[in-house]
Each structure stands twice: as C-alpha cells, then as structure tokens.
1. Rounded to whole Hz and in sequence order, give me ³J(HN,Hα) for region B:190-196 from the Karplus expression 6.51 cos²θ - 1.76 cosθ + 1.60, θ = phi - 60°, writing x for Gly and Pro.
2. Within chain B, what's the longest run with no GluC sites (Glu not before Pro) in a DSSP loop and at most 12 other beta-carbon atoms within 10 Å? Give the range, please.
3. Rounded to the nearest whole Å³, what is the per residue volume of the convex hull around the Cα atoms of region B:90-133?
4. Checking the a/c ratio against 1.5 first, then a/b against b/c, what shape does the Cα gyration tensor give for chain A?
5. Run the Debye formula on the Cα coordinates of the protein assembly as shown, all scatterers equal and no solvent, and tell me log10 I(q)/I(0) at q = 0.07 1/Å.
6. Any idea what the residue B:87 label distances to the other copies are, label 7 Å down the Cα→Cβ vector, nm, shortest first?
7. Per DSSP H run of at least 4 residues, take -39500 (n - 2.57); add these up for chain B, divide by its residues and hand me the 222 nm value, nearest 500 deg cm²/dmol.
8. Which percent of the Cα-Cα distances in region A:82-194 go past 18 Å?
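Bear in mind these aren't lab numbers, they're just calculated from the coordinates by the rules spelled out. What you see is a predicted model, and the numbers here were worked out from it, not measured in a lab. Reconstructed Cβ throughout: ideal geometry from the backbone, glycine too, with neighbour counts over all protein chains shown.
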Protein chains: 2
Amino acid sequence: MLKVYHAPNTRSIRVLWLLEELGVPYDKETVEFNPAYLQSPKHLAIHPLGKVPAIDDEGLILNESGAIVQYILAKHAGSHLEPKLGTPAYGKYLQWLHFAEATVMPPIGQIVQHSFRKPKEERIPAVVDDAKATLAKLFKLLDHELEGRDYICGETFTAADIMLGYDLNLCKLIQVSFDEYPNLSAYFERLSARPAFKRATVK
Amino acid sequence: MLKVYHAPNTRSIRVLWLLEELGVPYDKETVEFNPAYLQSPKHLAIHPLGKVPAIDDEGLILNESGAIVQYILAKHAGSHLEPKLGTPAYGKYLQWLHFAEATVMPPIGQIVQHSFRKPKEERIPAVVDDAKATLAKLFKLLDHELEGRDYICGETFTAADIMLGYDLNLCKLIQVSFDEYPNLSAYFERLSARPAFKRATVK
C-alpha cells in the first residue's frame, strides 16, 4: 500500500488531501518533526534532505510534493481532478499548480525560517518584511483571479486547489493574514470545508 | 505561432531550450529586462507579476516555467522527453522536474536578490551565506545522484535535465561554483554542449 511520511502542518498535507479526495487507501506514518529525527539515517533514506513529505509506493520513493501530486494523479485515475491533457485549460491548471509552490512558497518559507525555525539571534526581520510584501502582491493577484470563481481553474475543484489551499492553510497557521482579500478568504473557507481537507489536517 | 517572451539569462531559457529540442517553431520576443518595462501595462498584461517567461499560445497566456514546459510537452508531442505517464520512471522524472524549481531555485533567487538586484544598502550578506550553504547540500545530493549516469533520470535526456540545466547555467553566471562536484560538473558540460542549449542561450 502507498505509504506517506507525514508531519502535521507540512506539505505532506497536500498528499494526504489528494489521496482523501481520490479515495485511494494509504498508510500514514507521522514522523517526529525535529532535527534529530529528520537528520537520522532512517529518515535520510526516505528523504535525503531531511524533510517531508515522502512517499514509498512499492519501493519507489518520491519527495517533492508537486511531483507526488502529479504522480498520484497519473497513476491512480485522478483525471477528474485535472483538465484534459494538452488543452488550454490544462495549461492554466499547470500554471496554478506550479505557482503554488514555485512562486507562493518561497516567501512563506522565509517567514517560517526567520520567525520560527532559526535560532533567535539568526532571525532577520528585514527578510520577513520583504516576504510579507511579496505575499501581499500574490494575495492581490489571487484575489483578482478568483473574482466570480469558486476554484482557481473555474467552477471545478482541481489538484491546483490542493496545492494552493495548503499555502493558505500555512499562512493561517503562521498568522500571515489574507482576511482583507474577500475572494481569497471565501476561497479558503470553501476549500477548508471539504471533508477530505478536514481528514488530511487532523493531527 | 507560439510566442515566447524572453530575457537573456532568465527562466525563459528553459522554454526556448525545450522548443529547440522538440523542433517546434516559435516566435521569440526579447523584452527589456528592467523594472520600468517589466512593470509597464504592456508587460503586466502578459505577466501580472512583471517577470519572464511568458508564452502566448493562440491567446492562452502562461507564466510559470515548469507549467510551460509541461504544457508544451503535452501539446506538442514531446513524449520522447518524458518517461511513460504513470510509471515509476515518470514519478522520478517529475521529482527532478519539480526539484529544479521548488528546491534549487529559492536559494539561487536569494543570492541574485542580495548580491545583484537589491539596492546595495538593502543587501544582507547573511542571506547569501545561508543560500550558498543550502546550495552546497543540493550540489552534493545531485553529484551523488549523477554517479554513473549521463542524465538525471538515467541514460536518457528528459525535460527534467532542461529544468536543472538552467539552474546550473545560472549558478555559473552568478559565480556560484560547482566545479568541486565532478559528476555535476560533467553533467553540465554534457547539457551545455547540446545544440538546442546553445541556440536557447544565444543572446
């Protein structure tokens, strides 16, 4: 059975959420999210950088959440969560799927590092301010995009919503507010009300 | 005809390189890479964050380089540059394709920002040091992965090599050396010797 190495509040939520949406059975192993465990030989064998998520699918080990999402969709008949391959709608879907990680996560990651993870004496407030300014631009862009739409690709929920929904969930957790963006706020309410999201984010 | 908005040394190289490998004709528009132009209404209509790359494919505008690469492969019969959909090899390929942007580009981006782009008084050397330490770990991982292999997925060149090859090309340009990693160095020599890479990186 597909095994998912998970830690609460991390990108592994994307993987669990997808599997819950698809109804694909999986075995969840919640790892200790501390440097000692993450850098242990046992965990490095699963993720050479000492992070999560990782999956083990009959011996195939994968680590990047975006790759895992696309792999699971391709393997486990997830086509109802993607537009038809090669169409313009598929292009837009890919755009938001990549945007969620490549464009939105770097500033969130900087805030996490310089507000929580690094030793206090190494935290740089200017990095956090910079990242918050970048996120404000991204929230504005997403809010504009979501005008009159339920989901980022239109009327249908897709895996791009799973990628983006995790970003917004993490923003909530680290208290980076997007409450002033009404479409974005309503979008997150819509996503986080889904039973699959709730099951993926249970501690 | 597919139009590519390009600027030298940027992620648009990935798009040009892919199109050159596929032999798909395209129309290249080299944009002025300065804040005044990138934030102009004309360019913001193509890329709402004022960046490159962007493509315009019969009115479909896309911006994320990873998304553009996957869209072009799906649309333009690029299957010889990807393993078969849904196989374990496809999973590994997706992993490296996402890794190139999601894991390798953030530290490179920080070095670019804090060594070149930001006004001198806003540059933070500790951010650059941190990013260089992260890149050293990633180079080591890639060097290990490339032991005995010509390409990141094995004996066959794939679009994941295009994604990663751009990272390495940018490292060369910003003088972040990976010369001490023999497999990685030889890999970049191999990639940069390809005629399609040369055509994509002509100024």
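1. For region B:190-196, the Karplus curve yields 4, 5, 6, 7, 5, x, 5 Hz.
2. Values: sites that count: B:32, B:58, B:147, B:155, B:180.
The longest uninterrupted stretch comes out as B:59-146.
3. Details: hull volume 2.4 nm³, N = 44.
Dividing the Cα hull volume of region B:90-133 by its residue count gives 55 Å³.
4. Oblate is the answer for chain A, as a/c is 1.5 or above yet b/c matches or exceeds a/b.
5. Each listed q maps to, in turn, -0.30.
6. 2.7
7. -15000 deg cm²/dmol
8. Within region A:82-194, distances greater than 18 Å cover 50 percent of Cα pairs.
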